[in-house]
1. Kindly express, to the nearest 10 degrees and within the range 0 to 90, the angle between helix 32-45's C-alpha long axis and the longest C-alpha principal axis of the chain.
2. Could you give the radius of gyration (one decimal) and Dmax (whole number) of the Cα atoms in the chain, in Å?
3. Roughly what angle does helix 2-26 make with the longest principal axis of the chain, taking Cα atoms, 0 to 90 degrees, to the nearest 10?
4. Averaged per residue, what accessible area in Å² does the chain show with a 1.4 Å probe, protein chains only?
5. Ignoring ligands and nucleic acids, what accessible area does Leu15 show with a 1.4 Å probe (Å², nearest 10)?
6. Can you give the calculated 222 nm mean residue ellipticity of the chain, where each DSSP H run of n ≥ 4 adds -39,500 (n - 2.57) and the sum is split over every residue, rounded to the nearest 500 deg cm²/dmol?
Amino acid sequence: MSNTNDYLTNVRDYLNAVFLLKSMQKLGILDKKEYLIAEKLLAKKHCIKTSSIYRLYGLNT
């Protein structure tokens, strides 16, 4: 059960950070290249695989 809770916590933290990155991109603080680099680092930090549905939900475009 703990592994599931840890994973869900990682997903929640990842999505919160990505939404902030998206906001920064929309405001012009980050360009697309910077966003993609930061998103990739966040995914690695939070153990979110490239094939995860959370990354494929249009957040990394």
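1. On a 0 to 90 degree scale, this one is about 20.
2. Gyration radius and largest Cα-Cα distance of the chain: 11.8, 41 Å.
3. Rounded to the nearest ten degrees, it is 10.
4. So the chain comes to 76 Å² accessible per residue, rounded to a whole number.
5. We get 40 Å² for Leu15.
6. It lands at -22000 deg cm²/dmol.
The values are calculated or read from the model by the stated rules, or taken from the named source; none is laboratory data. The model shown is predicted, which means the values in this text are computed figures rather than measured ones. To get the accessible areas, we keep the full protein, side chains included, count just its heavy atoms, and leave off ligands, DNA and RNA. Shrake-Rupley method; radii C 1.70, N 1.55, O 1.52, S 1.80 Å.
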